[in-house]
Amino acid sequence: MSKLFSNYKRADIEFVKAQGNELIDSQGKHYLDFSTGIGVTNLGFHPQVKAALEKQVQEIWHTPNLYQNSLQEEVAKKLIGDYDYLAFFCNSGAEANEAAIKIARKASGKQGIITFENSFHGRTFGSMSATGQDKIKTGFGDAVPHFSYAKFNDLNSVKALVNEDTAAVMLEMVQGESGVLPADQTFVQELASFCQDKGLYLIVDEVQTGMGRTGTLFSFEHYGIIPDIVTLAKGLANGVPVGAMLAKSSLSPAFSYGSHGSTFGGNKLAMSASSAVLDLMRAPGFLDQAWENGNYLQDQLKKALGANPKVSDIRGLGYMIGIQTTENLADLVQAARDEGLIVLTAGTNVIRLLPPLTLSKEEIDQGVAILAEIFR
Ligand SMILES: *Cc1c(COP(=O)(O)O)cnc(C)c1O
């Protein structure tokens with residue numbers, strides 16, 4: 001009998017090795033990975049990330065945040081680029097969102113945070129309370145107060161919730177967990193200018209959409225806006241636990257000495273991986289190629305499945321793709337696995353693809369052929 005809680009439903013296979021964009025199970029079977037461990041190993045099991053980790057392990061893998069950490073400085077610089085942000089490093093998406101909620105409240109002196117129905121922001125009390133899905137909260141008692149939930153892509157529903165205690169509006173550019181639902185361009189732009197007019201902080205949760213997932217380093221770059229606060233995690237260190245909260249430098253007084261912290265956050269091991277990830281992603285042409293290939297994958301899926309009666313919609317942004325279906329998801333995931341392809345699900349009846357940004361055209365075609373086969 002397992003000594004683990006049954007809070008996960010685990011498939012009866014174990015991956016024991018990986019090579020590039022392939023996973024290998026304990027029976028030696030190879031799989032093409034269109035899941036990246038839920039949007040984490042965005043570069044596949046990349047040799048440059050591996051080399052950076054190996055090198056760091058030889059030197060020192062952890063120091064506390066009581067001492068200088070030039071790797072954190074380096075990663076912050078590479079991450080922030082030309083934006084006017086400062087960075088705080090933690091260990092997960094939920095923690096990054098906690099930091100975002102805390103800094104927004106403290107900097108504004110207000111408590112209200114407006115998020116969206118069907119959003120997902122994490123499992124800790126603050127991030128769970130921010131999440132607009134009852135099933136995530138059931139049984140855990142009172143949520144953190146002062147969160148309210150607007151309708152996604154509906155600015156009037158945001159306006160209706162704003163009051164004198166509203167500190168911030170928080171959203172995903174593409175709702176991931178609830179079914180790969182992209183925000184509308186005009187909605188996001190109008191929301192950003194509304195927030196600016198009203199003096200509300202705009203928080204964008206890029207935990208899933210960030211780190212090249214949508215073909216740009218941050219997905220907000222597709223929308224022509226600059227959020228006040230941005231959170232990252234999943235792909236940030238390609239599989240080593242890390243999270244980050246970026247906020248405009250004008251918010252820095254709210255996170256002064258002693259106000260917030262993390263024991264492990266941004267340690268040397270995580271930062272060494274992150275630094276390698278950013279070198280690869282910031283290399284000229286890399287993200288353009290990811291954007292192009294993500295669109296190629298979407299196009300090929302539309303060609304292969306668009307007319308299939310079991311598929312009602314194929315949507316997404318870059319390499320973040322949802323296939324809306326009427327079929328049983330568990331059966332489809334199993335069928336794909338039998339054919340050597342690992343996929344994810346989301347929301348109700350959505351097959352979610354979060355492939356590595358490093359897929360070759362041949363690997364894309366291979367994956368599409370398997371998906372066409374299982375939907376036949
Ligand atoms: C995964 C996810 C989180 C939570 O991240 P954890 O690292 O599991 O805490 C938060 N927000 C979004 C949008 C996510 O996809």
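Can you list residues from other chains, or at least 5 along the same chain, whose modelled amide H is less than 5 Å from the amide H of A150?
Answer set, sorted by chain and number: T115, F116, E117.
How much length, in nm to one decimal, is gained on full extension between D84 and T348, taken as 0.36 nm per residue of separation minus their Cα-Cα distance?
Stretched out fully, the D84 to T348 stretch lengthens by 91.2 nm.
If I model a spin label at K302 and M1 as a point 7 Å from the Cα along the Cα→Cβ vector, what separation in nanometres do I get?
Taking the two extended label points, one gets 5.3 nm.
Among residues other than D25 whose Cβ falls under 15 Å from its Cβ, what is the net charge (Lys/Arg +1, Asp/Glu -1)?
That sum, taken over residues with Cβ under 15 Å, equals -2.
Give the residue from V230, N267, P145 lying farthest towards the positive end of the charge dipole for the stretch 49-282; charges sit on Cβ (+1 for Lys and Arg, -1 for Asp and Glu) and the dipole is referred to the Cα centre.
N267
Considering only DSSP beta bridges where both residues belong to the chain, give the percentage that are antiparallel (nearest 5).
65
Hey, with R₀ at 41 Å, roughly what FRET efficiency would E362 and E74 work out to, going by the Cβ-Cβ distance, to 0.05?
0.75
How far apart, in nm, are the 7 Å Cα→Cβ label points at D279 and T186?
Between D279 and T186, the label points sit 4.6 nm apart.
Let me check against my output: what whole-number percent is the relative contact order of the stretch 49-282, with C-alpha pairs under 8 Å and at least 6 apart?
Relative CO of the stretch 49-282 lands at 30 percent.
Return the sequence-ordered ³J(HN,Hα) values of the stretch 357-365 in whole Hz as given by the Karplus equation 6.51 cos²θ - 1.76 cosθ + 1.60 applied to θ = phi - 60°, using x for Gly and Pro.
Once rounded to whole Hz, the list reads 6, 9, 4, 7, 4, 4, 5, 4, 4.
Ranked highest first by the average count of other Cβ atoms within 10 Å around their residues, in what order do 283-296, 236-249 fall?
236-249, 283-296
For the chain, what class follows from the C-alpha gyration tensor (a ≥ b ≥ c being the square roots of its eigenvalues): rounded when a/c is under 1.5, otherwise prolate if a/b is larger than b/c, else oblate?
Since a/c reaches 1.5 but b/c is at least a/b, the shape of the chain is classed as oblate.
Quick one: net charge around V311, please, counting Lys, Arg +1 and Asp, Glu -1 for every other residue with C-beta under 14 Å from its C-beta.
With Lys, Arg at +1 and Asp, Glu at -1, the neighbours total +3.
Report the local net charge at A167: Lys and Arg +1, Asp and Glu -1, summed over other residues whose C-beta lies under 10 Å from its C-beta.
Taking every Cβ under 10 Å from that of A167, the sum is +2.
Connecting C-alpha atoms closer than 10 Å in a GNM of the chain, tell me which of P355, P227, P47 has the biggest fluctuation.
Taking springs between Cα atoms under 10 Å, the residue moving most is P47.
Can you give the FRET efficiency to the nearest 0.05 for K137 and Y257, using r as the Cβ-Cβ distance and R₀ = 25 Å?
0.15
With only Lys, Arg, Asp and Glu charged, each at its Cβ (+1 for the first two, -1 for the last two), find how big the charge dipole of the stretch 49-282 is about the Cα centre; round to the nearest 20 debye.
400
Skip the ligands, DNA and RNA, and give the accessible area per residue of the chain with a 1.4 Å probe, whole Å².
For the chain, the per-residue accessible area is 46 Å².
Go through the stretch 46-61 residue by residue and turn each phi into a ³J(HN,Hα) via Karplus (6.51, -1.76, 1.60, θ = phi - 60°); whole Hz please, and just put x for glycine and proline.
My calculation for the stretch 46-61 gives 6, x, 6, 6, 4, 5, 5, 5, 4, 5, 5, 4, 5, 8, 6, 9 Hz in order.
Using only DSSP helix segments of four residues or longer, with each worth -39500 (n - 2.57), what per-residue ellipticity at 222 nm results for the chain after dividing by its residue count and rounding to 500?
Value at 222 nm, helices only, nearest 500: -10500 deg cm²/dmol.
Run the simple label-point estimate for A369 and F194 please: 7 Å along Cα→C-beta, distance reported in nm.
The answer from the label model is 4.8 nm.
In what sequence, largest accessible area first, do D82, D25 appear using a 1.4 Å probe?
Of D82, D25, the descending order of accessible area is D82, D25.
How much of Y83 can a 1.4 Å solvent probe reach, expressed as accessible area in Å² and rounded to 10?
Spelled out: Y83, probe radius 1.4 Å, area about 60 Å².
The values are calculated or read from the model by the stated rules, or taken from the named source; none is laboratory data. Everything numeric here is computed off the predicted structure, so don't read it as measured data. Counting neighbours? That spans all protein chains shown, and the Cβs are built from the backbone with ideal geometry, glycine included. SASA here: full protein model, heavy atoms, side chains in, ligands and nucleic acids out. Shrake-Rupley method; radii C 1.70, N 1.55, O 1.52, S 1.80 Å.
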